[in-house]
Structure formats: C-alpha cells, structure tokens
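Rule-based calculations on the coordinates, nothing more; no lab input. All of these numbers come straight from a predicted model, not from anything done at the bench. Counting neighbours? That spans all protein chains shown, and the Cβs are built from the backbone with ideal geometry, glycine included.
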Amino acid sequence: MRQVRLGAGAGFSGDRIDPAVELAEHGDLDYLVFECLAERTIALAQQARRRDPAGGFDPLLAARFEAVLPACRARGTRIVTNMGAANPLAAAERVREIARQLGLGALLIAAVTGDDVLAELDRDTVLDETGQRVGELGDTLVSANAYLGAEAIAAALAGGADIVITGRAADPSLYVGPLVHAFGWAFDDWQRLGQATLAGHLLECAGQVTGGYFADPGYKDVPDLARLGFPIGEFAEDGGLVVTKVAGSGGRVSPATCKEQILYEVHDPARYLTPDVTADFSQVAVEQIGPDRVRVVGAGGRARPDGLKVSLGLMEGFTGEGQISYAGAGAVARGALARDIIRERLARAGLPLQEVRCDLIGLDALHGEGLSRSGAAEPYEVRLRVAARTTSAAAAARIGEEVEALYTNGPAGGGGVSRQVREVLGVRSVMIPRERVRPAVTWLEA
C-alpha cells in the first residue's frame with residue numbers, strides 16, 4: 001500500500017535545528033514540515049515588519065534552510081513551512097537567495113498569502129474572550145491573521161513547488177496539504193481529512209511526541225533526551241498512521257507519548273475545529289507495533305466550520321521587571337523584607353501600575369504566598385522578582401530601578417540584579433466568514 005513519509009522539522013519558532021538536519025539526511029522523507037508560529041509569534045512578526053518592510057518572517061528561517069536544503073534537494077524531499085509569518089513573500093525571496101548561494105539548481109518556491117485580514121475585519125465583530133467589539137480596540141489593534149487551511153498548500157504542491165512558505169496557516173493544515181496532494185483527495189472527504197488532521201496534530205509539536213515535554217524522571221523516563229529526535233509520520237493511503245523517528249536518535253515514541261499529544265490543546269476530542277474539517281478523535285486507537293513505532297487509527301471528521309479563526313494582536317502597554325537574589329542563612333526573611341520594601345516604595349511613588357507581582361522564586365512564585373511552604377524546608381536561596389504592567393515605558397523602567405536600589409537601600413546580601421522593560425502584546429480571537437479570506441500563491445524560481 002502506498003504511503004507518504006512526513007517529518008516534523010520544528011514545533012515552534014525557537015526550536016532546535018539539529019533534529020531537522022537528522023530528518024533531512026536520514027529520514028527518507030517525502031515532506032519535511034516546519035511549524036513555527038504561535039498566536040503571539042505572528043503579532044511580534046507583524047511588529048517586526050512595520051519596523052522593516054523586508055522583515056517579519058521567522059528569525060531562524062535562513063539558518064534552517066541553509067542547514068536542510070542540500071540534503072532535501074539531494075533526496076527529493078519537499079519542504080512546507082509557516083516560517084513566512086507576517087511576510088511570506090520576503091521569506092520566499094530570502095530562501096531563493098540561499099538556494100542560489102548553495103548552487104542547488106532549479107528550484108520552485110511558492111509563497112502563500114492572504115492570511116492578513118486586518119482590512120477585512122468588521123468593526124462590529126465581537127471578541128471571543130472579552131465581548132468587546134473590534135471597533136472599540138482603536139489604535140491598540142496591530143495585527144489580524146486568519147488561520148488558513150490546507151487548500152492553498154495542496155495547490156502549490158500540485159503546481160510543482162519544491163518549497164511552500166505560508167503565513168498563519170493552521171498547524172495541522174501544514175501536514176494535511178501534502179497528504180491531500182499526494183493522494184488526490186477531495187476537500188469534502190471529511191473522513192480522510194479527519195485522519196490527516198490527526199496526523200498533523202500528532203506531528204505539529206515535533207519533539208513533544210517523541211518524549212520532549214513528556215519526561216518526568218522516575219515516572220515517565222525518556223532515554224537520551226539530549227539527542228532528542230523529531231518524529232516521522234508514515235501515512236498510508238487507507239488513512240492508517242505510524243508515528244516513529246530516525247533509528248538511533250534520542251527520545252521515545254510510545255502509546256503514552258502519542259496519547260498525551262492527541263489530547264494536547266484539544267478542547268473537544270469529538271469536535272476539533274480546524275479550517276479543513278471538524279475532526280473527531282473520540283474513537284482513536286493507539287497501538288505499539290515495534291520499538292519506537294506506534295500505530296494510530298480511528299479518526300474521523302465532519303464538515304468544516306463556516307468561519308475561520310482570526311488571531312488579533314493588541315498593543316497593551318509595557319511590563320517592567322526587576323530581580324535580585326538572596327542566599328544563605330535567613331535568605332527567605334531578607335527576600336520577604338525586600339518584597340515589603342518594594343511594595344511600599346511603589347505605592348508611595350503613585351505610578352499607574354497594573355497587575356503588580358512580587359514573587360520569591362524558589363518559594364512562592366508559582367502558587368502564591370503561603371501555599372508553597374507547608375511542610376517544606378526553608379530554601380537556602382531565593383530570588384525576588386517584581387513585575388508590573390503599565391501604559392508608560394518610563395513607569396515600567398521604575399520597577400527595575402527600585403529593585404536595583406535594594407543593593408544599598410535594602411536587606412543585606414542582595415546580588416545579581418537584572419532589570420528590563422518589554423512591550424506587552426495581547427492576543428484575542430474572533431471568527432471571520434470564510435468568504436472574506438482569499439488565499440493566493442505567488443511563484444518564485446531559483
């Protein structure tokens with residue numbers, strides 16, 4: 001039975017490159033897929049593009065393509081990625097430059113655009129999280145990107161693209177597109193699209209299904225995590241999927257790693273909404289069939305949603321932060337005193353601060369004051385972190401200044417101060433009618 005081999009080259013923007021090289025060289029792949037976008041990532045990319053019209057794509061794009069292109073070209077592996085982020089056309093141009101510099105011969109690159117729908121938003125559209133209307137956001141709204149589906153990706157591959165670079169495409173759609181193209185499915189074959197979406201969902205986070213983010217020593221042991229290998233999906237024409245990895249690479253593929261990834265970020269396993277299909281994972285069966293080989297079957301699907309999700313990026317002011325450490329006898333008491341001092345000084349300063357946090361890292365930063373200490377020995381060292389959000393960069397900077405002043409204006413023995421000010425990008429969601437989103441493919445030849 002015919003099968004397609006897909007490798008996951010990345011699961012987020014800052015992912016490691018070595019496992020992708022291993023896949024390109026030893027994975028015997030038909031497609032190498034890099035999934036590199038999150039909600040906040042695309043908003044940051046839009047900001048970068050406003051600063052530099054030639055920017056806005058993934059910062060590791062060049063390094064990744066330089067690392068994997070030679071092996072992919074030699075083995076006939078096609079590449080699909082959303083590293084185009086806010087600027088797929090500029091990303092495609094950069095990849096064309098890299099291909100020419102590497103002397104790889106004729107190469108066809110497809111840039112998929114159309115996800116930027118800022119101009120298409122209806123001012124009366126209601127935000128899912130807050131109930132506000134888009135029109136109320138004013139100048140705080142900096143980006144609006146719809147989650148494209150697999151259709152434009154499949155069309156680009158049908159047109160002969162060796163490399164497909166998208167902006168905001170849904171994570172599993174990066175895998176659904178190659179499978180639709182390879183097997184010639186229709187885009188209303190909901191059962192097969194549901195199975196392909198399961199494959200994409202299992203592979204999209206790369207190292208998570210091979211033991212990364214899964215490991216918990218003594219409970220869920222994973223071998224050789226330092227050499228964690230990324231997954232390969234062997235997808236058969238009948239919809240059967242085997243998840244595996246390159247022989248000898250680190251990590252583990254097991255029923256447990258696959259089950260955790262199936263449940264990851266799925267709000268309703270029987271009704272998982274994507275741009276391509278309403279997938280049904282409720283009857284999925286997972287079976288170990290060999291070392292690091294797991295068969296996953298039983299996904300289905302129904303008609304896709306009428307609308308597409310849009311991720312909005314909002315400028316929500318600044319975060320100011322300062323940190324200082326205390327160690328040795330009485331470290332907790334000195335850290336607590338420093339915290340009390342900072343709280344009083346900030347209150348007396350009258351700054352327009354919101355969401356002020358004063359945490360003792362190593363004691364109560366995760367679960368709050370009084371909740372982490374019962375029955376536990378007092379730590380030998382703690383680190384005070386003070387952070388707050390504000391509309392003013394100057395007010396945000398004051399946080400770090402007050403923490404730094406603790407060197408000589410606070411308890412004994414403080415050290416290792418760090419301080420920073422960051423812009424705050426908020427993320428919200430709306431739905432947009434599908435007909436308002438118009439994907440397009442632009443071709444570049446190397």
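Relative to the longest principal axis of the Cα atoms of the chain, helix 61-75 runs at roughly 30 degrees.
Within the same chain, lysines fewer than 8 places from Lys259 are excluded, and of the rest, those with a Cα less than 17 Å from its Cα are Lys220, Lys245. Distances between placed amide hydrogens fall under 5 Å for Phe34 paired with Gly9, Val80, Thr81, Asn82, all partners being 5 or more residues away or on another chain. Using the Cβ atoms and a cut-off under 9 Å, what net charge is assigned to the surroundings of Gly207, where Lys and Arg are +1 and Asp and Glu are -1? Around Gly207, the charge tally is 0.
Dividing the helix sum by the residues of the chain, where each DSSP H run of 4 or more adds -39500 (n - 2.57), gives a mean residue ellipticity at 222 nm of -9000 deg cm²/dmol. Normalised by the number of residues in the stretch 1-70, the average gap of Cα pairs under 8 Å and 6 or more apart makes the relative contact order 32 percent.
Put simply, the amide H of Ala144, placed in the peptide plane, has neighbours under 5 Å in Val117, Leu118, Gly313, leaving out anything fewer than 5 places away on its chain. Computed from Cα atoms, the angle from the helix 190-203 axis to the main principal axis of the chain rounds to 50 degrees. Each other residue within a Cβ distance under 15 Å of Ala169 adds +1 if Lys or Arg and -1 if Asp or Glu, for a net charge of -4.
Loop-resident trypsin sites (Lys or Arg not before Pro) (DSSP state other than H, G, I, E or B) in the stretch 118-169 with no more than 16 further Cβ atoms inside 10 Å of their Cβ: Arg123.
Over the stretch 312-429, all Cα pairs binned in 5 Å intervals from 0 give whole-percent P(r) values of 2, 12, 21, 22, 17, 13, 8, 4, 1, 0, listed from short to long. Site pair Asp221 and Gln191 shows an inter-label distance of 4.3 nm when each label is modelled 7 Å from Cα along Cα→Cβ.
Here the stretch 123-173 and the stretch 427-441 have alpha carbon centers that stand 5 Å from each other. Normalising the Debye intensity of the stretch 110-237 to I(0), with uniform scatterers on Cα atoms only, and taking log10 at q = 0.11, 0.22 Å⁻¹ returns -0.59, -1.16. Please name which of Leu353, Gly414, Val332 has its Cα lying farthest along the dipole of the stretch 312-429 towards the positive end, using unit charges on Cβ (Lys, Arg +1; Asp, Glu -1) and the Cα centre as origin. Of the candidates, Leu353 comes out farthest on the positive side. Among the trypsin sites (Lys or Arg not before Pro) in the stretch 1-39, those placed in a DSSP loop whose Cβ has at most 11 other Cβ atoms within 10 Å are Arg2. Once the Cα atoms are used to define both axes, helix 331-349 deviates from the longest principal axis of the chain by about 90 degrees.
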